[in-house]
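**Student:** Take a look at the following structure, please.
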């Protein structure tokens, strides 16, 4: 009788356990206090935009704050494209206002209304020019110049400058006593003696020497 050898069955290979990555909790929005809302620049700007944007419908204040904060971050990183677009758009609006007010002034027969509309038109034109100048300043900033100080005045002024040949740390005080002006040099003789202005002059026919009356 033939007996079959029983072969041991291999246990099934264990399947590798799947790595479970923990899901990070979403950051909860912080509720701002009343003083934080008042002192927040972004919040103040968003409230101001919301107050003057009724033509677009009711906007969500939180979404407006988040979008405005992102635009501010772009400007901080050096992206000034939104500012340039804003200034150019405002210049076009001011140009339209100038044209409309100028046409109104031309159609007015009364002197008062003519002056009012023309004055407002010229103000809009001036604001348009200032806006374009600001845009040009952003696109092509002026080079910074370092100018030395110049002592200039229209009235009496006293300036005490240190002598050029004396170091500042030498301890020698600065002032008129340490500076020999060119005028004082001209009063010296060639041999180096100062002119004695106290010497008595010779008697002349006009001012003769008088004897003492005793």
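Values quoted throughout were computed directly from the atomic coordinates according to the rules given, and no laboratory measurement underlies them. Here the structure is a predicted model, which means the values were calculated and not measured. Cβ: placed from backbone, ideal geometry, glycine included. Neighbour counts: every protein chain shown.
**Student:** So how far apart, in nm, are the two label points at residue 67 and residue 111 if each is 7 Å from Cα heading toward Cβ?
**Tutor:** The modelled label-to-label distance comes out at 5.1 nm.
**Student:** How far, in nm, would the chain grow between residue 55 and residue 39 when pulled straight, counting 0.36 nm per residue and subtracting the alpha carbon separation?
**Tutor:** 3.0 nm
**Student:** Related question: From the C-alpha gyration tensor of the stretch 80-141, pull out the three semi-axes of the equivalent ellipsoid (sqrt of 5λ each), sorted largest to smallest, in whole Å.
**Tutor:** 30, 10, 6
**Student:** On full extension of the chain, what length is gained from residue 144 through residue 47, given 0.36 nm per residue of separation minus the C-alpha to C-alpha distance?
**Tutor:** 31.2 nm
**Student:** Using a Förster radius of 30 Å, what is the FRET efficiency between residue 74 and residue 122 based on their Cβ-Cβ separation? Nearest 0.05, please.
**Tutor:** 0.25
**Student:** To the nearest µm²/s, what D does Stokes-Einstein give for the stretch 37-79 at 37 °C and 0.692 mPa s, using the Kirkwood radius over alpha carbon pairs as Rh?
**Tutor:** In µm²/s, the coefficient is 299.
**Student:** Another question, then. Once you put a point 7 Å from the Cα of residue 137 and another 7 Å from the Cα of residue 96, both along the Cβ direction, what distance in nm separates them?
**Tutor:** Distance between label points: 2.6 nm.
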